[in-house]
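Have a look at the structure that comes next, please.
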Amino acid sequence: MKVVILGLWHLGCVTAACVAKFEQVVGLDFDPANITRLKNGTPPIFEPGLEQLLAAGVNTGRLSFTDDPRSACQDAELLWICIDTPVDEQDRVDLVPLEESIAKCAPFLKPGTMILISSQIPAGTSRFLEQKYPNFRFAYSPENLRLGKAIEIFLKADRVILGVRTLKDADELTPLLRHFTDRIVPVRTESAEMIKHGINSFLALSISFMNELSRICERVGADAKELELGLKSEARIGPRAYLSAGGPFSGGTLARDVVALTEIGDAVHERLVLIPAIKASNDTHKNWTEAKLIEELKDLAGRKITILGLTYKPNTDTLRRSLAVEICRSLMAKGARIQAYDPAIQGIPANLAISLASSIDEAVTHADAIVICTEWPAFRRVAWANILRAMAQPIVIDANGFLSENLSTFPGIVYRQVGKPREERVFA
């Protein structure tokens, strides 16, 4: 089966590399520089195992890359849309790149070709495209990847949601998808789109719900981890519930679906109350780190704040929609001096006035406080006794409690974690 993967960023590169283990794949992207990098063996974003898997596909002859839609789409049996749909500052989806990319491919596809979309799209988009391109068949299978674990999740999917118009279309795609799971769930296309919205919005709701409870825990002396234990011991909630005190959700993935559902509700004249409140709650929680720093330092002007971790998640090198970057900008607006360290970042984009240290030791020297942002495992292996002594004062803000076990034995540290009462010990 000749599969064309359209869009070669994180989703597209992972999809192309995994599908090429079994099928003939052409990776298509309209950025010549990206195609050149891929042909030279360098993916545009770091993902564990991705570079090696891409190279394996190229070496077997099952994977190639091009920016030419004519050569890519000629005789294609499936066009798989993996365009990275951007969001604006209000987390609204911009579908223009996706629509423009399909328009470039359409003249070279055979009538009746199946177009499978995995890009994040608002419900109703597939029907809109069907009406715009009646000569093609459209299906929707929402992506379920997570940065840092994407290949494992793709190759060993727990299930695949497949939105189709007919069972015949599902039967056509099943042999391809069965390379990755035996559990394929066929539904109507609009249902598949709503499933993606629903999953991400439910996860967002769970995060916001728990974080609101956790902030109350801090005020009344309760422990949010004990609250979590009690909630998950309730049979109607269960041990796998997405309930854990910590930082807000970020990156646009969850917020994109919350905003999409809110706008869909407005469009169909269905007033929603709960779903729009999710984003409002999360936006409030984004101020937690700054609030704790102000509680401890009173005035942030001139204070040296060390940010440990800048990337969106560990095991990636992307700064796009990173909560750490948002925190840096907010603290700098209050006059704080930011010194950041991240093991995956060697340089800072010109539009970010962040000072980047070459080591943790450099970053923490004379710091008034440390903020743990990206949870790199290496941060657990550093000599924290030396780091705390190098600081102007041993204040650590760690929303998720990532280093709680590492730092719990140090007297004198002021350690702030979402959902925990303030703790302070005499530092010796």
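The values are calculated or read from the model by the stated rules, or taken from the named source; none is laboratory data. The model shown is predicted, which means the values in this text are computed figures rather than measured ones. Here the Cβ is made from the backbone with ideal geometry for all residues, glycine too, and neighbour counts use every protein chain on show.
Spot the failing condition for Gly27; the list is (1) buried (at least 21 other Cβ atoms within 10 Å of the Cβ); (2) without any contact (Cβ under 8 Å) to a residue 60 or more places away in the chain; (3) assigned to a helix (DSSP H, G or I), and only one is missed.
Gly27 satisfies all of (1) buried (at least 21 other Cβ atoms within 10 Å of the Cβ); (2) without any contact (Cβ under 8 Å) to a residue 60 or more places away in the chain; (3) assigned to a helix (DSSP H, G or I) except (3).
Take the residues in segment 389-408 that are in contact (Cβ under 8 Å) with a residue 60 or more places away in the chain and either farther than 18 Å from Ile305 by Cα or out of contact with any His (no Cβ under 8 Å at 6 or more places or on another chain) (or both), then tell me which one is surrounded by the fewest Cβ atoms within 10 Å (Cβ to Cβ).
Asn400
Residue-by-condition table, conditions (1) touching a strand residue (DSSP E or B) at 6+ places or on another chain (Cβ under 6 Å); (2) in contact (Cβ under 8 Å) with a residue 60 or more places away in the chain:
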{"site": "Ala369", "(1), (2)": "yes, yes"}
{"site": "Trp376", "(1), (2)": "no, yes"}
{"site": "Ala383", "(1), (2)": "no, no"}
{"site": "Ile387", "(1), (2)": "no, no"}
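Find all pairs meeting these conditions: Cβ atoms under 8 angstrom apart; at least six residues apart or on different chains; first residue within segment 291-308 and closer than 10 Å to Ile370 by Cβ; second residue among the β-branched types (Val, Ile, Thr) and part of a loop (DSSP other than H, G, I, E, B).
Taking only residues 6 or more apart or on different chains, the pairs are Ile307/Ile354; Leu308/Thr374.
While we're looking at this one, here's another question. Given the residues Leu203, Leu145, which is the only one that is part of a loop (DSSP other than H, G, I, E, B), of a type outside the set (Phe, Trp, Tyr) and in contact with a Phe, Trp or Tyr (Cβ under 9 Å, 6 or more places away or on another chain)?
Leu145
Let me ask something additional. Can you tell me which of Asp94, Asp88 is surrounded by fewer than 19 Cβ atoms within 10 Å (Cβ to Cβ), closer than 23 Å to Pro32 by Cα and at pLDDT below 95?
Asp94 is the lone residue from the list that is surrounded by fewer than 19 Cβ atoms within 10 Å (Cβ to Cβ), closer than 23 Å to Pro32 by Cα and at pLDDT below 95.
Which of the residues belonging to segment 295-336 are within 21 Å of Val414 (Cα to Cα), in contact with a Lys or Arg (Cβ under 9 Å, 6 or more places away or on another chain) and of a type in the set (D, E, K, R)?
Glu295, Glu296, Asp299, Arg303, Lys304
Hey, among Glu152, Glu99, Glu130, which residue is assigned to a helix (DSSP H, G or I), of a type outside the set (Gly, Ala, Ser) and touching a strand residue (DSSP E or B) at 6+ places or on another chain (Cβ under 6 Å)?
Exactly one of Glu152, Glu99, Glu130 is assigned to a helix (DSSP H, G or I), of a type outside the set (Gly, Ala, Ser) and touching a strand residue (DSSP E or B) at 6+ places or on another chain (Cβ under 6 Å), namely Glu130.
State which residue is farthest from Val418 (Cα to Cα) when the search covers only segment 261-294 and only residues that are touching a Lys or Arg at 6+ places or on another chain (Cβ under 8 Å) and of a type outside the set (A, V, I, L, M, F, W, C).
The extreme case among them is Gly265.
Right, here's the next one. In segment 152-173, how many residues are in contact (Cβ under 8 Å) with a residue 40 or more places away in the chain, surrounded by fewer than 19 Cβ atoms within 10 Å (Cβ to Cβ) and in contact with a helix residue (DSSP H, G or I) (Cβ under 9 Å, 6 or more places away or on another chain)?
Within segment 152-173, residues that are in contact (Cβ under 8 Å) with a residue 40 or more places away in the chain, surrounded by fewer than 19 Cβ atoms within 10 Å (Cβ to Cβ) and in contact with a helix residue (DSSP H, G or I) (Cβ under 9 Å, 6 or more places away or on another chain) number 1.
Sticking with this one: Going by what's in this entry, would Leu300 be described as assigned to a loop (DSSP other than H, G, I, E, B) and at pLDDT 95 or above?
So Leu300 passes the test.
If a residue must be more than 22 Å from Leu297 (Cα to Cα), not charged (D, E, K, R) and not in a loop (DSSP other than H, G, I, E, B), how many such residues does segment 357-383 contain?
Adding up the residues that qualify gives 3.
Among the residues that make up segment 56-70, is at least one of them over 25 Å from His179 (Cβ atoms), free of Cβ contacts under 8 Å to residues at least 60 places away in the same chain and outside any loop (DSSP other than H, G, I, E, B)?
Keep residues of segment 56-70 that are over 25 Å from His179 (Cβ atoms), which gives 67-70.
Of the ones still in play, those that are also free of Cβ contacts under 8 Å to residues at least 60 places away in the same chain are 67-70.
Still in the list and also outside any loop (DSSP other than H, G, I, E, B): 69-70.
Within segment 56-70, one or more residues are over 25 Å from His179 (Cβ atoms), free of Cβ contacts under 8 Å to residues at least 60 places away in the same chain and outside any loop (DSSP other than H, G, I, E, B).
So, in segment 102-127, how many residues would count as being part of a helix (DSSP H, G or I), touching a Ser or Thr at 6+ places or on another chain (Cβ under 8 Å) and surrounded by 16 or more Cβ atoms within 10 Å (Cβ to Cβ)? I'd like the intermediate steps shown before the answer.
Here is the first cut: in segment 102-127, the ones part of a helix (DSSP H, G or I) are 102-108, 125-127.
Still in the running and touching a Ser or Thr at 6+ places or on another chain (Cβ under 8 Å): 126-127.
Subsequent filtering for residues that are surrounded by 16 or more Cβ atoms within 10 Å (Cβ to Cβ) retains 126.
Of the residues in that region, 1 qualify.
Please pick out the residue among Gly61, Gly57, Gly27, Gly49 that is out of contact with any helix residue (DSSP H, G or I) (no Cβ under 8 Å at 6 or more places or on another chain) and at pLDDT 95 or above.
After applying the criteria, what remains is Gly61.
Related question: Hey, among Ala324, Ala241, which residue is touching a residue at least 24 places away in the same chain (Cβ under 8 Å) and assigned to a loop (DSSP other than H, G, I, E, B)?
Details: Ala324 fails: assigned to a loop (DSSP other than H, G, I, E, B).
Being touching a residue at least 24 places away in the same chain (Cβ under 8 Å) and assigned to a loop (DSSP other than H, G, I, E, B) holds for just one of Ala324, Ala241, which is Ala241.
From the list Val325, Val364, exactly one residue is crowded, with 21+ Cβ neighbours inside 10 Å and either more than 18 Å from Leu388 (Cα to Cα) or in contact with a Cys (Cβ under 6 Å, 6 or more places away or on another chain) (or both). Which is it?
Val325
From (1) part of a loop (DSSP other than H, G, I, E, B); (2) within 27 Å of Arg215 (Cβ to Cβ); (3) at pLDDT below 95, pick out the condition that doesn't hold for Ala353.
(2)
Next up: Considering each of Lys225, Lys279 in turn, give the residue that is among the charged types (D, E, K, R), more than 20 Å from the chain's Cα centre (by Cα) and in a helix (DSSP H, G or I).
Result of the check over Lys225, Lys279: Lys225.
Here's the yes/no breakdown for (1) in the same structural domain as Gln74 (by TED's automatic domain parsing); (2) within 27 Å of the chain's Cα centre (by Cα); (3) under 19 Å from Ala192 (Cα atoms):
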{"position": "Lys132", "(1), (2), (3)": "yes, no, no"}
{"position": "Ile161", "(1), (2), (3)": "yes, yes, yes"}
{"position": "Arg165", "(1), (2), (3)": "yes, no, yes"}
{"position": "Thr174", "(1), (2), (3)": "yes, no, yes"}
